[in-house]
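J.: One structure is given below, represented as structure tokens, and several questions about it will come after.
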Amino acid sequence: MPILSTWPPAARLLRLLLLLLLLELLAGGCARRDFFQPDARVGPGSAAALPPGADSVLATAGRYYNRHSGLYEALLGRHYRRAWAAPVRAPVLRLATAAPGGLRPGKSGGGYQSISMTLEGIQGREYALRTLDKEPSKTLPAGLRRTFLLNAVRDATSAALPYGALTVPPLAQAAGVPHGRPRLVYVRPDETGLGPTSARFQGKLALLEEKYSALASRTPDLAGTTGFVGGEAMLKAVYADPAHTIDQPAFLRARLLDLWLGDWDRHEGQWQWAARPAPGGQVRHQPIPKDRDQVYFRFDDGALPWLVSRRWLVPRFQTFRARYDNVPGLVYQAIFIDERGLSQLTRADFGRAAADLLRHLPDTLIERAVRRLPPAVYALEGPGLAAALRARRDALPQAAAAFYRSLARQPTVGGTARPEHFTVRQYADSVAVRVETGPSAGPGHLLYARTFYPAETRRLTLEGLGGDDVFTVVPPPDGHPAARIRLRLRGGPGTNRLDAPGRHRRLTFDDGSSSPRGGRPYDRPNDD
């Protein structure tokens with residue numbers, strides 16, 4: 001190819017690899033109907049019916065992930081294929097004895113990939129049952145679900161360590177983060193006690209975990225909890241009423257734990273929140289992480305995944321290794337909840353939290369946690385995981401600082417649906433923000449106070465959200481130039497007022513209903 005010969009060497013190599021990948025995938029033709037293993041059991045007798053009294057089985061999470069050529073692995077990645085194919089001993093799920101009083105089927109769950117459901121126990125206790133393997137066909141458009149692309153998308157599940165969630169409880173306990181206690185089970189191939197969704201679980205390895213809302217009464221770290229809500233309901237409560245707040249120091253501990261474990265999939269739907277009474281009639285929401293499916297993610301060990309995970313393409317697919325590669329990419333999936341759940345915390349807060357975590361995560365704890373992997377999987381991955389965890393723990397303060405910088409660059413400070421007064425005081429070296437209840441110029445109940453610095457922050461957004469809000473921008477004293485931080489003020493429904501004496505070049509006001517300029521953003525120039 002004459003054109004190819006004019007490309008730079010790296011580009012020629014990449015093009016050649018992509019061509020080989022295409023040939024490898026095309027060799028698979030259409031989507032394989034027999035992609036998944038019919039039964040997780042392996043070894044002698046695994047093809048026969050499971051005896052009624054069987055207590056445990058030898059099984060694999062997904063041996064089909066480990067049936068590819070060396071060329072395929074070089075292009076698509078080795079991932080955790082050998083761990084998926086490793087034989088492990090798992091107890092057989094018995095609904096009558098799996099929990100006190102037995103379990104009965106509840107509602108089906110799962111999103112675009114997960115296969116899960118709720119099981120109901122006595123006294124309102126609920127349990128989540130979730131298969132180790134995924135079915136990601138819904139992530140593709142309907143027209144592509146019969147093509148070889150579905151094979152590739154399904155195969156990418158092997159980038160996750162199927163038993164990684166088993167290692168998290170002791171680490172989370174030491175970090176002071178509420179956590180579930182998943183246990184490995186095997187669902188019988190003739191199990192019908194799961195209701196209409198029984199067929200989705202039959203013959204599979206799964207994790208059974210009591211939901212934290214049922215554990216609270218027996219868990220000292222959430223004593224006094226008055227209720228549990230999901231991420232969307234929590235945000236609605238915080239936006240609707242200033243009496244509801246997020247426990248930001250607790251959320252920071254949880255997010256640093258995510259960072260340490262390489263858990264990139266932590267969007268707002270991956271949390272449960274415990275509502276707890278606080279002084280002054282306040283309600284503080286404490287975070288509870290869910291679904292540890294993506295800890296220790298290993299992705300960029302093949303030519304194509306390496307390309308996909310670049311900063312300019314899909315940076316959230318970060319491989320877990322001894323060093324932190326791209327911290328902003330690792331936390332990208334949770335940017336919406338991070339901006340709102342960590343908005344009051346400073347660089348010093350991040351540093352103190354990281355140092356405290358480091359002290360509570362000794363080598364002996366890491367080894368004990370990793371030993372929770374099944375023996376065959378520990379032999380493959382355990383020593384390497386423990387070494388990487390130790391190295392990442394030691395570098396956690398630096399990673400926390402990078403996390404802080406990514407949030408401080410363009411932060412958002414939100415109000416509520418009630419009237420608030422936003423006061424912005426500009427100085428030559430900083431911008432101080434206060435948010436108080438009530439729209440009047442007088443002092444109200446303080447909701448928020450923080451100072452921003454141009455070395456960290458380029459743009460600061462204030463969101464009124466609702467109510468009759470007042471935005472007051474006070475210029476620097478004595479005619480000094482303001483710190484070079486662009487202010488973006490957003491009014492929501494209601495009658496919003498902007499009080500900004502003087503001329504402000506780096507100020508944009510956007511009112512969604514009744515601004516003096518009909519709701520259009522406008523820049524007010526100044527001389528600084």
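A short reminder: the numbers here are calculations on the coordinates, not readings from a lab. Since the structure is predicted, the reported quantities are computational estimates derived from the model, not experimental observations. Note that each Cβ is placed from the backbone with ideal geometry, even for glycine, and that neighbours are counted across all protein chains shown.
J.: Using the Kyte-Doolittle scale, find the helices of the chain whose mean hydropathy is at least -0.5 and whose Cα atoms extend 27 Å or more along the helix's long axis, counting only whole DSSP H runs. All intermediate terms of the calculation are to be shown ahead of the outcome.
T.: On the way: long enough: 375-394 (28 Å, 0.03).
Long hydrophobic helices here: 375-394.
J.: Which of the three applies to segment 310-381, rounded, prolate or oblate, going by the alpha-carbon gyration tensor with a ≥ b ≥ c and a/c under 1.5 meaning rounded?
T.: It comes out oblate by the Cα gyration axes.
J.: Order these by the 10 Å Cβ neighbour count, fewest first: T423, T457. Spell out each step's value before the answer.
T.: On the way: T423 18, T457 21.
Ranking T423, T457 by Cβ neighbours within 10 Å, fewest first, gives T423, T457.
J.: Go ahead and run the numbers for FRET between R146 and S56, Cβ-Cβ distance against an R0 of 60 Å, rounding to 0.05.
T.: 0.95
J.: Over the Cα atoms of segment 245-357, what Rg and Dmax result, in angstrom?
T.: 15.5, 57
J.: Can you give the helix-only mean residue ellipticity at 222 nm for the chain, where every DSSP H stretch with n ≥ 4 adds -39500 (n - 2.57) and the sum goes over all residues, rounded to the nearest 500 deg cm²/dmol?
T.: -8000 deg cm²/dmol
J.: While we're looking at this one, here's another question. What does the extension gain come out to for I122 and A379, with contour length at 0.36 nm per residue minus their alpha carbon separation? Please list the in-between numbers first.
T.: On the way: separation 257, 0.36 × 257 = 92.52 nm, distance 3.87 nm.
Residue separation times 0.36 nm, minus the Cα-Cα distance, leaves 88.7 nm.
J.: Cross-link list K107/K211; K134/K236; K211/K290; K138/K236: which exceed 19 angstrom alpha carbon to alpha carbon?
T.: Values: K107/K211 14 Å; K134/K236 31 Å; K211/K290 9 Å; K138/K236 28 Å.
Too far apart for the 19 Å limit: K134/K236; K138/K236.
J.: For a quick protection proxy, order the peptides 336-345, 383-392 by their average other-Cβ count within 10 Å, most packed first.
T.: Most protected by this proxy first, the peptides run 336-345, 383-392.
J.: Computed FRET efficiency, Cβ-Cβ of T451 and D325, R0 45 Å: what is it to the nearest 0.05?
T.: Efficiency, rounded to the nearest 0.05: 0.90.
J.: Oh, and also: For T472 and R104, compute 0.36 nm times the residue count separating them, minus their Cα-Cα distance, and round to one decimal in nm. The partial results should precede the final answer.
T.: Values: separation 368, 0.36 × 368 = 132.48 nm, distance 5.73 nm.
Value of the extension gain: 126.8 nm.
J.: What value in Å³ per residue do you get for the convex hull of the alpha-carbon atoms in segment 73-225?
T.: Details: hull volume 22.8 nm³, N = 153.
Spread over its residues, the Cα hull of segment 73-225 gives 149 Å³ apiece.
J.: Still on this structure, please answer the following. Any chance you could list P(r) for segment 347-469, counting all Cα-Cα pairs in 10 angstrom bins from zero, rounded to whole %?
T.: 12, 27, 22, 16, 15, 7, 1
J.: If each of F36 and H480 carries a label point 7 Å out from its Cα toward its Cβ, how far apart are those two points in nm?
T.: Label-label distance for F36 and H480, simple model: 6.4 nm.
J.: For the chain, state the average projected area of the convex hull of the C-alpha atoms over all orientations, rounded to one decimal in nm².
T.: Seen from a random direction, the Cα hull of the chain projects 30.0 nm² on average.
J.: Classify segment 193-321 from the C-alpha gyration tensor, please: rounded if a/c falls under 1.5, else prolate or oblate depending on whether a/b exceeds b/c.
T.: It comes out oblate by the Cα gyration axes.
J.: Same structure again: To check you understand DSSP bridge types, tell me what percent of the beta bridges within the chain (both residues inside) are antiparallel, rounded to 5.
T.: Just about 65 percent of them are antiparallel.
J.: Taking H as built 1.01 Å from N, whose amide H comes closer than 5 Å to the amide H of Y448, not counting residues under 5 places away?
T.: V435
J.: Given the peptides 94-104, 290-300, 146-156, arrange them by the average over their residues of other C-beta atoms within 10 Å, most packed first. Don't jump to the answer; show the numbers that get you there.
T.: Details: 94-104: 14.9, 290-300: 22.8, 146-156: 17.8.
Listed from highest to lowest mean packing, they are 290-300, 146-156, 94-104.
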